[in-house]
Amino acid sequence: MPTTIGGEEPRLAPRSLVVRRRPRPSPAKAPAVQTARASQLAKARARRPTTPEEVPEFVREAAAEPKTWRGGSWLLPLGLGMLCALLLALVGSVAMNWSGTLIDTVRYGYPRTTQVDHLVGHELDPHVPTHFTALNLKGQVLIFEVPGGDGAQARLLQGPHLVGTGADLAPVLLTFSGDATHPDLVVTVNGLQVLFHNTGTSYAPMR
């Protein structure tokens, strides 16, 4: 029983003012929690649950996380497709150039040679046409004219000189235009055209 001092009873502090501090968890418990969680995961994997309800919640959450690299997976096939298309275009271009050169070699030989017969009014016998031979000799175009097949009257016409890679592989095309009796000679080679005017007895280059 409390004693009194001076006839007064002692007063106690109200319970609401008493502050009690809860003990802080020990840091050593964190590894224990992680170890317990890992143990649960190992047991769940070993048991191989057959229904979704038997799988722990944290396992389902980990499996449901999206992969960050899935959005860029379409770039790889796109890049491979573009690379294959470029390679096919290059191979096709090389194949076309090679096939064109092969066809010209079979048709015109090497050096490129073109021959044609035509009545141009330089013949002694109007029934025997003049023979023309066009030659691409290392880029220099030469045209030989044999009037009426008479080699003694043969003439040489000098055409354009071609420069650049593959200039010696360009075939020469001979055509005639103008007057039907004395037509002019048109020389076409590598995209160029040179006109030789018919003077009545020979050809002269037109500048």
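Please treat every number below as a calculation from the coordinates, not as lab data. Here the structure is a predicted model, which means the values were calculated and not measured. Heads up, the Cβs are rebuilt from the backbone with ideal geometry, glycines too, and the neighbour counts pull from every protein chain shown.
Worth a mention:
- Relative to its Kirkwood radius, the Cα radius of gyration of the stretch 96-206 gives an Rg/Rh of 1.00.
- Environment charge of H127, counting only residues whose C-beta is closer than 15 Å and scoring Lys/Arg +1, Asp/Glu -1: -4
- Projecting the Cα atoms of N190, G151, V128 onto the charge dipole of the stretch 79-193 (Cβ charges, centred on the Cα centre) puts N190 farthest toward the positive pole.
- If the chain linking L75 and I103 were pulled fully straight, counting 0.36 nm for each residue of separation and taking away their Cα-Cα distance, it would gain 5.9 nm.
- With each label modelled as a point 7 angstrom along the Cα→C-beta vector, the L192-Y110 pair spans 2.2 nm.
- Environment charge at N198 (Cβ cut-off 12 Å; Lys +1, Arg +1, Asp -1, Glu -1): -3
- Charge sum, other residues only, whose C-beta stays under 13 Å from F176's C-beta, Lys/Arg counted +1 and Asp/Glu -1: -4
- The length gained on full extension between A95 and A167, counted as 0.36 nm times the residue separation minus their Cα-Cα distance, comes to 24.0 nm.
- Approximating the spin labels as points 7 Å out from Cα along Cα→Cβ, the T201-to-K138 distance works out to 3.5 nm.
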